[in-house]
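The values are calculated or read from the model by the stated rules, or taken from the named source; none is laboratory data. Keep in mind it's a predicted model, so treat the numbers as computed, not measured. Positions of Cβ are backbone-derived with ideal geometry, glycine not excepted, and every protein chain shown enters the neighbour counts. Just the protein is used for accessible areas: all its heavy atoms, side chains included, with ligands, DNA and RNA removed. Shrake-Rupley method; radii C 1.70, N 1.55, O 1.52, S 1.80 Å.
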Amino acid sequence: MYLSRILNSKKIALSLILGVFLTFVTCKTFAIQHEEHAVEASESHNEKEFSPSEVILEHIADSHSWHLWGHTTVALPVILYTDQGFEVFSSAHFEHGHADYKGQYYTYRLVKDKIAIVGPGEELVAGANMLNMHKKLIDFSITKNVVSMWISFVLLLIIFFSVSAAYKKRAGKAPKGLQSFMEPIILFVRDDIARPNIGYKYQRFMPLLLTVFFFIWINNLIGLVPFFPGGSNLTGNIAVTFVLSLITLIIVNVNGNKYYWKHIFAPDVPVWLYPIMWPVELVGIISKPFALMIRLFANITAGHIIVLSLISLIFVFKSVAIAPVSVAFVVFMDVLELLVAALQAFIFTLLTALFIGTAIEEHHH
Amino acid sequence: MELVTPEIGLVFWTTVSFLVLFFLLAKFAWKPIMSAIDDRERSIEDALLKAEAAKEEMSRLTNENEVLLKQARAERDLILSEAKKIKEQIIADAKEAAHKEGARQIELARVEINNQKAIAMADVKNQVAELSIQVAEKILQNQLQDQQKQDELVSQLLKEVKL
């Protein structure tokens, strides 16, 4: 299948780049000897050793404030749900993690950009997450990723409302301007994703597929822009891909017809195999969207990590001489990521359509 | 581990925002866009089908026209050849009639000429006879003026008479 060929070629390209990258990393000891060429990296003004992995993880993680440029940072609102009630305050109170904030019910501290409750005896109680729900602190803050998501929503609404208006205004005429740019993409989703995979009932699922496709694509693209309003890693965040794949899971199973369920609970195998088949099929239900979640998350995060690693090279070597090499590779990676941005949106939508198609298929065998 | 652990807050906001976005786009963007595209495609298809039908109709009409033209041509040729035949017939008839008429006229003329000739001849004969008689009279008058000559003639005549 042509899809696996694309995936393979991407793997090849990635391993090639990683190989080149690793070659440079081995030169690190050599480069450190030339410290007289070292430049003052902006991060190293506090005389701390530059740690690429820390910087990279900080950049791809979510944050309670949005660093715009230089020392300009926008503090975002913090909304906490504690066992005592809601707490709303500005993240500016944390002073970038240098200060604790005494709220109405507890004292809060920013630890690695995550909010924790400081107990009376200085012990820290971390907030809840999806793996550990039973905590007295749940963080509903409007974080950088949430703001970035809303920016993408506004963009999507502006783009597609204007396109929709254009269709109303130019009914029956040839598309023009933005409309003519979007129409082939919409038709691509319809003719190359929905129709071949879902069949004649595709129309019911078009709004979902289009929304998912454009949501992932535009957020992938926003993630590639290194400064405001880009710079977030939304589609490379597991919470976002989790929600998207959860929607796929729900849509697929809600629309599953009797053939789909028969295939799971009464497949065409000897009856004594059923105890083996049921767990396998049930795992299959979960694993398909799970793979979607991991694929999108890993692809986008990997792209960001590679780009940030290449940039970090300059600060690891403490040499401007390495900058042209870094920039060249970053440009190459960015171009590749442009492709990946569209490709991952396409793959996510395609597989969603494929799963829906298998769930609503009329006759098996 | 932190990287692959979904945060509840972001899961919540993503779910809420995505659903809102989905319903807004579905209602105000995708529905009109898809129906507009479908309508346009249908109208284009209709137009193409109609054009095809019109083309067929056109070729059918052209064929019909050609057949009609051929028929008309054949008819025209037929009519022309008939007219030619008739014309030839008429000319032949006319010629024959003219011949006959001419012959008759000539015949009449000849008869008339003969008659006139006969009349003229008769007239001439009468005149000649009269003239001859007058001449003879004059001669006789002259000759019979002297006696001798009368006697001579009588003798002559008597000699000629054979009894």
Just one of B:Lys55, B:Lys84 is assigned to a helix (DSSP H, G or I), charged (D, E, K, R) and more than 30 Å from A:Gly172 (Cα to Cα); which is it?
B:Lys84
Looking only at the range B:1-30, filter to residues that are more than 7 Å from chain A (Cβ to nearest Cβ) and under 17 Å from A:Leu209 (Cβ atoms); which one of those is least open to solvent (accessible area, probe 1.4 Å)?
B:Leu19
Given (1) over 30 Å from A:Tyr274 (Cα atoms); (2) polar (S, T, N, Q); (3) within 14 Å of another protein chain (Cβ to nearest Cβ), number of the condition A:Ser245 does not satisfy
(1)
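Among B:Arg42, B:Arg60, B:Arg76, which is the only one that is of a type in the set (Lys, Arg) and within 14 Å of another protein chain (Cβ to nearest Cβ)?
After ruling out the rest, the residue left standing is B:Arg42.
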Spot the failing condition for A:Val154; the list is (1) away from every other protein chain (no Cβ under 14 Å); (2) open to solvent by 30 Å² or more (accessible area, probe 1.4 Å), and only one is missed.
(1)
Just to verify a result, which residue in the range A:276-326, among those that are within 18 Å of the chain's Cα centre (by Cα) and aromatic (Phe, Trp, Tyr), is least open to solvent (accessible area, probe 1.4 Å)?
A:Phe297
If you go through the range A:117-125 one residue at a time, do you hit one that is crowded, with 18+ Cβ neighbours inside 10 Å and facing chain B (nearest Cβ under 10 Å)?
no
So which strands (runs of 3 or more DSSP E) stay within the range A:69-108 end to end and still have 1 or more residues that are within 14 Å of chain B (Cβ to nearest Cβ)?
A:77-82, A:86-90
So, of the residues in the range B:117-142 that are open to solvent by 100 Å² or more (accessible area, probe 1.4 Å) and over 30 Å from B:Leu153 (Cβ atoms), which turns out to be nearest to the chain's Cα centre (by Cα)?
B:Lys117
Check on A:Leu249, assigned to a helix (DSSP H, G or I) and farther than 28 Å from A:Thr211 by Cα
no
Among (1) over 26 Å from B:Trp13 (Cα atoms); (2) at pLDDT 85 or above; (3) open to solvent by less than 60 Å² (accessible area, probe 1.4 Å); (4) at the interface with chain B (Cβ under 10 Å from one of its Cβ atoms), which single condition is A:Arg170 missing?
(2)
Subset of the range A:174-216, residues under 21 Å from A:Leu155 (Cβ atoms), outside any helix (DSSP H, G or I) and open to solvent by 70 Å² or more (accessible area, probe 1.4 Å), comes to A:Lys176
